[in-house]
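One structure below.
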Amino acid sequence: MDTIKKSETNKFKRTHLYYKYTGFYTFVGQSIKKAIIPIVLIIVALIVLDFYVIDFSNLFTYITETYAPINILLVFLASESLLGLVPPEIFIAWSDKMPEPILYLTILASLSYIGGIISYFIGKWVFTIPRVYDYMEGKMKKHLKQIRKWGGFLIVVGALLPIPYSMTSMAAGMIHYKFRNYLLFGLLRFVRFYLYAIAIFSLL
């Protein structure tokens, strides 16, 4: 029993040292720092704009009444599948004005998860076309290098933090990261949506 515990402890230490020496912890720390500033700025901007320029509650109510939910959800899915073109926070704020906010928030989280899967397979498809692969590899060199080093942990970071999840997913597909593990780590995307909703719903 002691031998098993000792083996597990040594394995944990080796893993810890690997991520330490390869810069994973530094990367996560920098990502959090980079994420905090924009989030704070967005929150402050929303508060200021809401008080002095535009009533966001009325704005999202107008959007809800003007555009069919299916259209907005399709735009969101397209965004989450193609490099995260529109910040998810905008759609989270929109869901708060729907008749059943939690239901729509869950739908958004599910679509984000599905969008990541689509990006994963886009990455796998890109791998089969040499010219496209060379181009994408140049564009995503940093992401590919990171996911080769850190694998699932980078997917966890991408799912939770304001790092383009679509790019992380595409990179995972390009290096043929194990799909089952990708699906498992990607479930943390739901956690991010619910946590962000707690903050955003309270503002609007």
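Separation between the residue 198 and residue 75 pseudo-spin-labels, each 7 Å from Cα along Cα→Cβ, expressed in nm?
Placing both labels 7 Å along Cα→Cβ, they lie 2.9 nm apart.
Starting with the fewest neighbours, write out 81, 169 ranked by other beta-carbon atoms found within 10 Å of each beta-carbon.
By the 10 Å Cβ count, ascending: 81, 169.
List 80, 89, 100 from most exposed to least, where exposure is judged by having the fewest other Cβ atoms within 10 Å.
100, 89, 80
List 48, 86 from most exposed to least, where exposure is judged by having the fewest other Cβ atoms within 10 Å.
Listed from fewest to most nearby Cβ atoms, that is 48, 86.
Values in this text are rule-based calculations from the coordinates and carry no lab data. In this text the structure is predicted, and so the values were computed from the model without any measurement. Every residue, glycine among them, receives a Cβ derived from its backbone with ideal geometry; neighbour counts consider all protein chains shown.
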